[in-house]
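Visitor: Before anything else, here's the structure in question.
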Amino acid sequence: MLILILIPDLKEFILQYISAPTEREQLIKLSAWWSTISFAIAFMVSLLLISRNKQFWNIFNGEKASIGASIGWGVIGFFLVFLGQTIGSYIELVLGIDMGSENTQDIMDVTKVAPIMIVATVFFGPILEELVFRRVIFGSIIQSYNFWIASIISAIVFAAIHLDFTHILLYTICGMIFAFLYNRTKRIITPIIAHMLLNGFVTFVQMNADKFQM
């Protein structure tokens, strides 16, 4: 969004193609579209850079899990993350921390006005985050240290980047489980699948919360 503020003409050019009943909703839609386009560009740039490094995926010794097993572990991973978050939520309650993530709620508020945001949060977001936090950070650290050190450090960085420090425990738990899935199958597709399923599930529940309460 910063570039839109610095270049008012660009902002006005994009706004003319976005219709909304109020200026606030118009700006929210602009933010959602800009986030999605930015994620898409980052995704394509990442693929381009990765294609130049033939050894990018080869960080583990031993045989990789089959594609079928990797997908299966990705689905299992979703339930593991869900279980981990449930346990983490109870720990937070004991510590006096209220349930509900402000970061997640902000994203859902944008998504309700501009559903295009789903593409960023459910598709591009998980892919980019797993490439950065699991392949690059976790994958680099595990070359010199054991799984626990690598997973904890990468998970804490993953948690901190979400800027929701009240619930840093939940994000750290998720990060460690994603790292376990990557280490278990030696394929980045596994934590990506689990991450996509998690974000998709949260988005579905949040978007349909009113229906569930009826």
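Visitor: Evaluate the stretch 37-52: report whether one residue or more is without any contact (Cβ under 8 Å) to a residue 12 or more places away in the chain and assigned to a loop (DSSP other than H, G, I, E, B).
Guide: yes
Yes/no per residue for (1) in contact with a Lys or Arg (Cβ under 6 Å, 6 or more places away or on another chain); (2) assigned to a helix (DSSP H, G or I); (3) of a type in the set (A, V, I, L, M, F, W, C); (4) in contact (Cβ under 8 Å) with a residue 24 or more places away in the chain:
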{"position": "97", "(1), (2), (3), (4)": "no, no, yes, yes"}
{"position": "106", "(1), (2), (3), (4)": "no, yes, no, no"}
{"position": "112", "(1), (2), (3), (4)": "no, yes, no, yes"}
{"position": "119", "(1), (2), (3), (4)": "no, yes, yes, yes"}
{"position": "124", "(1), (2), (3), (4)": "no, yes, yes, yes"}
{"position": "134", "(1), (2), (3), (4)": "no, yes, no, yes"}
{"position": "153", "(1), (2), (3), (4)": "no, yes, yes, no"}
{"position": "156", "(1), (2), (3), (4)": "no, yes, yes, no"}
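Visitor: Would you please name the residue that is least open to solvent (accessible area, probe 1.4 Å), looking only at residues in the stretch 53-74 that are farther than 28 Å from residue 110 by Cβ and part of a helix (DSSP H, G or I)?
Guide: 70
Visitor: Of the residues 166, 185, 203, which single one is open to solvent by less than 20 Å² (accessible area, probe 1.4 Å), touching a residue at least 40 places away in the same chain (Cβ under 8 Å) and more than 15 Å from the chain's Cα centre (by Cα)?
Guide: On inspection, the qualifying residue turns out to be 185.
Visitor: Another one. Take residue 29 and tell me if it is touching a residue at least 40 places away in the same chain (Cβ under 8 Å) and more than 21 Å from the chain's Cα centre (by Cα).
Guide: When the stated conditions are applied, residue 29 does not pass them.
Visitor: With a cut-off of at least 1 residues that are under 13 Å from residue 101 (Cβ atoms), name the helices (runs of 4 or more DSSP H) lying wholly within the stretch 160-214.
Guide: 168-185, 189-207
Visitor: Based on what the data block shows, is residue 89 polar (S, T, N, Q) and modelled with pLDDT of 90 or more?
Guide: Yes, satisfied.
Visitor: Tell me which residues, restricted to the stretch 127-153, are farther than 16 Å from residue 180 by Cα and at pLDDT 95 or above.
Guide: If the condition is that a residue be farther than 16 Å from residue 180 by Cα and at pLDDT 95 or above, then 127, 128 are the ones that fit.
The values are calculated or read from the model by the stated rules, or taken from the named source; none is laboratory data. All figures in this text were calculated on a predicted structure; none of them were measured in a lab. Because the Cβ atoms are built from the backbone with ideal geometry, glycine has one as well, and the counts that use them run over all protein chains shown. Remember, those area values only see protein heavy atoms, side chains included, never the ligands or the DNA or RNA. Shrake-Rupley method; radii C 1.70, N 1.55, O 1.52, S 1.80 Å.
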